[in-house]
1. Heavy atoms only, probe 1.4 angstrom, no DNA, RNA or ligands counted: give me Ser41, Ser78 ranked by accessible area, highest first.
2. Report the number of Lys pairs in the chain whose alpha-carbons are under 21 Å apart, with separation of 8 or more residues or on distinct chains.
3. Based on the alpha carbon coordinates of the chain, what radius of gyration and maximum Cα-Cα distance (Dmax) apply, in Å?
4. For the chain, give the magnitude of the charge dipole about the Cα centre (Cβ charges: +1 Lys/Arg, -1 Asp/Glu; no others), in debye to the nearest 20.
5. Just the number please: accessible area per residue for the chain, 1.4 Å probe, all protein chains included, in Å².
6. Go through Val106, Val10 and list them by solvent-accessible area, largest first, probe radius 1.4 Å.
7. Divide by every residue of the chain the summed helix terms, -39500 (n - 2.57) for each DSSP H run of at least 4, and state the resulting mean residue ellipticity at 222 nm, rounded to the nearest 500 deg cm²/dmol.
8. Provide the per-residue ³J(HN,Hα) series for region 5-10, in order, calculated from phi with Karplus coefficients 6.51, -1.76, 1.60 and θ = phi - 60°, each as a whole number of Hz, with x at glycine and proline positions.
Amino acid sequence: MEVNLELYLVHLHVGQWFGFNGREKTYENLVILDNQYSKPSEQECLNGIEQMKIDLAMQDLRKKRNSLLAQTDYLALSDQTMSAEMTTYRQALRDITNGLTTVEDVEAVKFPERPEA
């Protein structure tokens, strides 16, 4: 999903509170249609768009991580003995989102290699 000004504004407030003068959906063409809201600054929009990009990238990363964890959940059952390597692997997966603050950080993540069960 491409995050852009329009998508950010849709998430900012509910309803038809904004529009654009002209065909280009740029900040310069942004018009506020509802007196209840004021026009956010261009920097607020840029920051919001960037945060949405990070949030979406993190969602994708968590989906992949959760899938990998789910593939080894059976090893955590009480009638199983999990190896130290598998315990370390699963902890590395849980920690994989720590300290990520940019889309570039998220895209640079390398998943740990799964050890033999």
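1. Result, largest first: Ser78, Ser41.
2. For the chain, qualifying lysine pairs total 7.
3. Both quantities, over Cα of the chain: 21.2, 66 Å.
4. Dipole about the Cα centre, nearest 20: 220 debye.
5. 70 Å²
6. So, going from the largest accessible area down, we get Val10, Val106.
7. Only helices count here, giving -15000 deg cm²/dmol.
8. Each residue's phi maps through the Karplus curve to give 4, 4, 4, 4, 5, 4 Hz.
The values are calculated or read from the model by the stated rules, or taken from the named source; none is laboratory data. Everything numeric here is computed off the predicted structure, so don't read it as measured data. Please note: Cβ atoms are built from the backbone with ideal geometry, for glycine as well, and neighbour counts cover all protein chains shown. Note: accessible area is taken over every heavy atom of the protein model, side chains too, but ligands, DNA and RNA are not part of it. Shrake-Rupley method; radii C 1.70, N 1.55, O 1.52, S 1.80 Å.
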